[in-house]
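Enquirer: Once you've had a glance at the structure underneath, I'll fire off some questions.
Only the coordinates and a few stated rules stand behind these numbers; no lab work does. Quick caveat, the model's predicted, so the values are computed rather than measured. Counting neighbours? That spans all protein chains shown, and the Cβs are built from the backbone with ideal geometry, glycine included.
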Amino acid sequence: MIESGRPRLRRRYGRGTLVRLSPIMLTVVIASLAYATPPEMAFSRLLPAAPALAAAMWPVLPTVLLGTVCLCLMIGLGFVFPDLGTWWTAAGIIAVTVAAAYGSHLRLKRERTLLQVRLVADAAQQVVLSPMPRRFGNVEIEALYLAAAAEARIGGDFYEVVDTPFGIRLLIGDVRGKGLPAVGAAAAIVNAFREAAYGEADLVDIARRMDASSARYNAAFPSDEPMERFATALLAEIPHEGQRIVILNCGHPPPLLLGDGRLRVLESMTPSPLLSLAELIGDHYNVDTFEFAAGDLLLLYTDGIAEARARDGEFFPLVAWMGRQPTTPPGELLSALHRDLLQYSRGRLDDDVAALAVRLRHP
């Protein structure tokens, strides 16, 4: 795979170089046509296009230098063809070069601002989606995160895994909404989970603390949308001795468990309230216990996966897809999911995607 990627890298680099050199190539072509054709065709009047094009990809100084070169070429052509209207075109070159230099300055300023925004987004991602070990004892875990917009880097989906005295505890969820408010709400929930997971023996108490943290954040930073901001979440606990998994589901898509050649959808008997809604509908949380044997493969995911659409509008058949997968290591499962999801949606995701793949190793 490494070898097959190198030619593509060289081709991309070659195309990028040609694009960056296109203002020079355009200058040469226009000047050659102006010199080789009759003056009546007036190709020289196209010379201002070269610095205008340079402003879209070059810094200020090279743009001004190219405009100066075009001005000198125009003056030289004026000596060869006295009736070419040199001074009108020269004035146009000067005006376009000044405007192009200013446009280049504004573009670079916006690019620097965008870079700072991306750095802030990366820092926010480290807070909400902190790096985690791939293995906790005999439990293997891998994570996948895809933002619907590549520029966003992070959205309202979140996950976390911690090793506590009570077992391996996992969290995955999705905040309703977009942008920085959704990221802030996700951070409030994840931080509450990180603190409560070590001190609370019961998943119900963790869920209550997460709900309280989410409600406080929403009260401090109200949503501008007509509907209240809420979040779905799923808590899971794998005891250190394994053989079972405890799940508390707050309105989140149910996990998928693959083992012994069959697929099980781990539906909760009684759904628990979504985060931030317990005060309205009651904090009656329900915990379910399922068998989780060595070799079983568990997939936790957000609705961005199940609701990914093909061009014809059909949803990604996640349950059927999972049923066809072998019980591979978690990293291989998520790599296949990443590949097939992007292929199915033609690379156009309508929502953020987060997933955790968990496998209990044989002792």
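Enquirer: Between helix 330-344 and the chain, what is the angle of the helix's C-alpha long axis to the longest principal axis, kept within 0 to 90° and rounded to the nearest 10?
Expert: 50 degrees
Enquirer: Moving to a separate point now. Out of the trypsin sites (Lys or Arg not before Pro) in segment 257-363, which ones are loop residues according to DSSP with at most 16 other C-beta atoms within 10 Å?
Expert: The qualifying sites are R311, R324, R346, R348, R361.
Enquirer: Right, something else. Could you list S22, S44, S268 so that the one with the fewest beta carbons within 10 Å of its beta carbon is first and the one with the most is last?
Expert: Lowest to highest Cβ neighbour count: S22, S268, S44.
Enquirer: Which of F221, L299, A207 sits closest to the plus end of the dipole of segment 133-360, meaning its Cα is farthest towards the positive end, when Lys and Arg get +1 and Asp and Glu get -1 on the C-beta?
Expert: The one lying farthest along the dipole's positive direction is L299.
Enquirer: A follow-up question, please. Mind checking the angle between helix 179-199 and the chain's longest principal axis? C-alpha axes, 0 to 90 degrees, to the nearest 10.
Expert: With rounding to tens, the tilt is 30 degrees.
Enquirer: Most exposed first by the Cβ proxy, i.e. fewest other Cβ within 10 Å, how do H105, H284 rank?
Expert: Going from least to most buried by this count: H284, H105.
Enquirer: When the label point is put 7 Å from the Cα of F81 along its Cα-to-beta-carbon vector, which residues of segment 35-64 have a backbone N closer than 17 Å?
Expert: 35-50
Enquirer: Enumerate the amide H contacts of H252 below 5 Å, restricted to partners 5 or more residues apart or on another chain; note that Pro and chain-start residues carry no placed amide H.
Expert: Those lying under 5 Å, H to H, from H252 are A233.
Enquirer: In degrees, nearest 10, range 0 to 90: what is the angle between the Cα axis of helix 86-128 and the longest Cα principal axis of the chain?
Expert: The angle comes out near 10 degrees.
Enquirer: Just to be sure I understand the model, the point goes 7 Å from the Cα along the line to the Cβ. What's the resulting A336 to R107 distance in nm?
Expert: Distance between the two pseudo-spin positions: 4.5 nm.
Enquirer: Set the Förster distance to 45 Å, then compute FRET efficiency between A294 and R348 from the Cβ-Cβ distance, nearest 0.05.
Expert: 0.70
Enquirer: May I ask for the percentage of alpha-carbon pairs in the chain that lie more than 30 Å from each other?
Expert: That fraction is 54 percent.
Enquirer: List the relative contact order of the chain as a percent without decimals, with contacts defined as Cα pairs under 8 Å and 6+ residues apart.
Expert: 15 percent
Enquirer: Have a look at L73, F193, A308 and report the one farthest towards the positive end of the charge dipole of the chain, computed about the Cα centre with Cβ charges (Lys/Arg +1, Asp/Glu -1).
Expert: L73
Enquirer: Further question: Using the Karplus curve 6.51 cos²θ - 1.76 cosθ + 1.60 with θ = phi - 60°, what ³J(HN,Hα) values do you get for each residue of segment 273-283, in whole Hz, with x for Gly and Pro?
Expert: Result, ordered by residue: x, 5, 5, 6, 10, 4, 5, 8, 10, x, 9 Hz.
Enquirer: At most 16 other C-beta atoms within 10 Å and a DSSP loop state: those are the exposed GluC sites (Glu not before Pro) I care about. Give me the longest piece of the chain that has none.
Expert: 1-150
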